1. In whole percent, what relative contact order does the stretch 21-102 give with Cα contacts below 8 Å and a gap of six or more residues?
2. As an exercise, use a Förster radius of 41 Å and the Cβ-Cβ distance of Lys100 and Val135 to find the FRET efficiency, rounded to the nearest 0.05.
3. Quick query: amide H of Glu101 versus all other amide H atoms, modeled in the peptide plane; which residues come in under 5 Å with a sequence gap of 5 or more or a different chain?
4. Diagonalise the Cα gyration tensor of the stretch 29-171 and give the resulting equivalent ellipsoid semi-axes, square root of 5 times each eigenvalue, largest first, whole Å.
5. Take the Cβ-Cβ distance between Arg117 and Asp78 as r, set R0 to 30 Å, and report the resulting FRET efficiency rounded to the nearest 0.05.
6. What does the highest-first list of 58-69, 149-160, 93-104 look like by mean Cβ count within 10 Å?
7. Measuring with a 1.4 Å probe in the full set of protein chains, what accessible area per residue, in whole Å², belongs to the stretch 59-171?
8. Check Leu82: other-chain or 5+ apart residues with amide H under 5 Å from its amide H, H built from backbone geometry?
Amino acid sequence: MAEEEEAGRGRGPHDLGVQVLDTALWVLDMPKVVAVSATLNPKPARDETESTASAFLRLASGAVVSLEVSWGLLMERDFAYLNLFGEKGAALLNPLRLHKEMHGSLVNVTPAIANSRNSYKLSYENEIRHFLECVRTGSRPGSPGEDALILQRLLEALYQSAAEGREVRLA
């Protein structure tokens, strides 16, 4: 196998999308997913990967999750976002904004955060700190291994959906 082919493996939803999927499901408290559908562009041939993926997850609650990830974004810089929209409010993660319906009006309830530190770097520091604390105390991590298994099964179902051009229902 050529070096270029080997270097390209692992990109796409298994590399980039799993982080977005994990964050979205974690924020929603790991809800049960009943069906998924996905598209990949370009469609990968054997041992190749896609540069862009779109996915749609239907949850048992009736809510939906829509994901888009891409390595080929033509913008001046990378960006990531997570937006949650509910019946009584919305939350945007990057930058953090919270809006809630109160007394018939939409109110901005975003907390003031006095932190001049790089939040991206801080998130990694907190993750490492949490991991070390779990190792030291034997406590269960906030994101246990069972969640990783759920994510892997969802990724496999998303790839199946893209390959077959149809929604895939989950058991």
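The values are calculated or read from the model by the stated rules, or taken from the named source; none is laboratory data. The structure presented is a predicted model; accordingly, all values stated were derived computationally and were not measured. All Cβ positions, glycine included, derive from the backbone under ideal geometry; neighbour counts span all protein chains shown. In case anyone asks, the SASA skips ligands and DNA or RNA and just uses the protein heavy atoms, side chains included. Shrake-Rupley method; radii C 1.70, N 1.55, O 1.52, S 1.80 Å.
1. Working: 106 pairs, mean separation 15.3, N = 82.
Once divided by the residue count of the stretch 21-102, the mean separation gives 19 percent.
2. Details: r = 38 Å, r/R0 = 0.92.
It comes to 0.65.
3. Amide H to amide H, under 5 Å and 5 or more residues apart or across chains, Glu101 pairs with Gly89, Val107.
4. Equivalent ellipsoid semi-axes, largest first: 29, 23, 20 Å.
5. For Arg117 and Asp78, the calculated efficiency is 0.95.
6. Values: 58-69: 13.7, 149-160: 17.4, 93-104: 11.7.
For the peptides 58-69, 149-160, 93-104, the packing ranking is 149-160, 58-69, 93-104.
7. Normalised by residue count, the accessible surface of the stretch 59-171 is 79 Å².
8. Leu93, Asn94
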